[in-house]
1. Here is a list: 256, 263, 340. Which entry is surrounded by fewer than 23 Cβ atoms within 10 Å (Cβ to Cβ), among the polar types (S, T, N, Q) and at pLDDT 95 or above?
2. Please determine, by comparing only the residues of region 221-240 that are over 26 Å from residue 326 (Cβ atoms) and assigned to a helix (DSSP H, G or I), which one is nearest to the chain's Cα centre (by Cα).
3. Please specify each residue of region 260-281 satisfying the condition of being under 15 Å from residue 209 (Cβ atoms) and of a type in the set (Gly, Ala, Ser).
4. Those residues that are modelled with pLDDT of 95 or more and part of a loop (DSSP other than H, G, I, E, B), I need them from region 137-161; list them, please.
5. Determine which member of the set 325, 287 is over 30 Å from residue 147 (Cβ atoms), touching a helix residue (DSSP H, G or I) at 6+ places or on another chain (Cβ under 8 Å), in contact (Cβ under 8 Å) with a residue 24 or more places away in the chain and in a helix (DSSP H, G or I).
6. Please find, within region 179-203, the residue that is farthest from residue 339 (Cα to Cα) out of those that are assigned to a helix (DSSP H, G or I) and at pLDDT 90 or above.
7. Among the numbered conditions (1) at positive phi; (2) surrounded by 14 or more Cβ atoms within 10 Å (Cβ to Cβ), tell me where residue 349 comes up short.
8. Could we say that residue 281 is of a type in the set (A, V, I, L, M) and either part of a loop (DSSP other than H, G, I, E, B) or free of Cβ contacts under 8 Å to residues at least 12 places away in the same chain (or both) here?
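The values are calculated or read from the model by the stated rules, or taken from the named source; none is laboratory data. Worth saying up front: this structure is predicted, and the values here are computed from it rather than measured. Reconstructed Cβ throughout: ideal geometry from the backbone, glycine too, with neighbour counts over all protein chains shown.
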Amino acid sequence: MMQSKSIVFVLAALPSGGAERVASTLINHWHQLGWKITLIIGHGKERDFYQLPEDIDRIIIPAGSPSGSKIVALCKNIPYLVKLRRALKSVESSTVLSFLTRTNIHTLLASLGLKKRVIISERNDTTREEHPWPWPLLRKWFYNSADMVTANSEIAVEGMRDYVQNKKLVIVPNPVLLPADQAKPSRSKLLLNVGRLVPQKAQHLLIEAFSIIRSRGIEGWGLQILGEGEEREHLENLIIDYGLQDEVQLCGVVENIGVKYENAGIFVLPSLYEGTPNALLEAMAYGLPCVVSDSQLGSLKLVNHPENGLVFASGDAKDLAEKLGYLMKDEGLRERAGVNARKTVEPYSIEEIHKVWEKIFRFE
């Protein structure tokens, strides 16, 4: 069978992040459809967190080692760009897809003059996500040279309108794999949070709110936080300070995350900002009522207070505790919100999001 559709997918790596989760979901889906996928990535499959098909063509180009000097670091990009350009030239496919800011800029520079159709993708809130100099400047200089610039939320697209032509900007929501059986959130007294342990995700606020909840006499509930990052030690100390060692767990990175969604009763995302968070989509797909902050513009497109979840004032642990308390004390509310959450994300199925990507690729 001839494979008439093919793309080159450029990724720096495939760790346990949300953008990488989306990339692996898309790659696996397109591979199942018979597309020819060539993956340009910085490491071999032994370091992949997400599983990809064994027969995916992989071109490995290791990234340069980090440097304390920005000038030295920029110079180290040159050999990488030469190798990336050589790799892009070696692949027959005329369609290139790249994820995340630095990789997008590398791909745009390496593909100059190659007559490839280059599509790049931002996966976070471009108005608030921080990158060190010179990456924000390079993004403004080079993003408009892409054929299409995609993002997973309206706020991310809005953040690029000053330097990318409107006709090139497209919103492509994150896809979600809908489980066959919807979980019953009323069966478990467990709060669940999924995300990197970094300041953006504000897990410290969730731990503080849980302490407030316990002081108000709401008992029998636990909290699990899934993910790793620079804030682990800080969060561990908070758990000890509040005396929550028996109720709150930092579970690290979990491979079979579906089991965690199935066992949870409420999903909580206290982040300061988000694009369209995968974890929220997945939790809603499993029928979990969700609590999110009012500063997450991407999440607010999904959570309709109080029909499928609740919204609290960003940065306010007392308000978060108040909203969680409503759900924790009302099993019927949890059940209704969970059913509505599942219905909300059905348009985000991989089959529906695939249709958007296929229009962007414009295969002939």
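1. Working: 256 fails: at pLDDT 95 or above; 263 fails: at pLDDT 95 or above.
Within the list 256, 263, 340, the selection yields 340.
2. Kept after step one, since they are over 26 Å from residue 326 (Cβ atoms), are these residues of region 221-240: 228-234, 236-237, 240.
Cutting the leftovers down to assigned to a helix (DSSP H, G or I) gives us 232-234, 236-237, 240.
Details: 232: 19, 233: 23, 234: 23, 236: 24, 237: 27, 240: 29 Å.
Applying the filter and picking the extreme gives 232.
3. Step one: filter region 260-281 for residues under 15 Å from residue 209 (Cβ atoms), giving 266-272.
Across region 260-281, the qualifying residue is only 271.
4. Matches in region 137-161: 146, 147, 160, 161.
5. Working: 287 fails: in a helix (DSSP H, G or I).
Exactly one residue qualifies, and that residue is 325.
6. At the first step, the residues of region 179-203 found to be assigned to a helix (DSSP H, G or I) are 185-187, 199-201, 203.
Checking which are at pLDDT 90 or above leaves us with 199-201, 203.
Values: 199: 31, 200: 29, 201: 26, 203: 26 Å.
So the residue we want is 199.
7. With respect to (1) at positive phi; (2) surrounded by 14 or more Cβ atoms within 10 Å (Cβ to Cβ), residue 349 is out only on (1).
8. On the way: of a type in the set (A, V, I, L, M): yes; either part of a loop (DSSP other than H, G, I, E, B) or free of Cβ contacts under 8 Å to residues at least 12 places away in the same chain (or both): no.
Considered against the rule, which asks whether it is of a type in the set (A, V, I, L, M) and either part of a loop (DSSP other than H, G, I, E, B) or free of Cβ contacts under 8 Å to residues at least 12 places away in the same chain (or both), residue 281 comes out as no.
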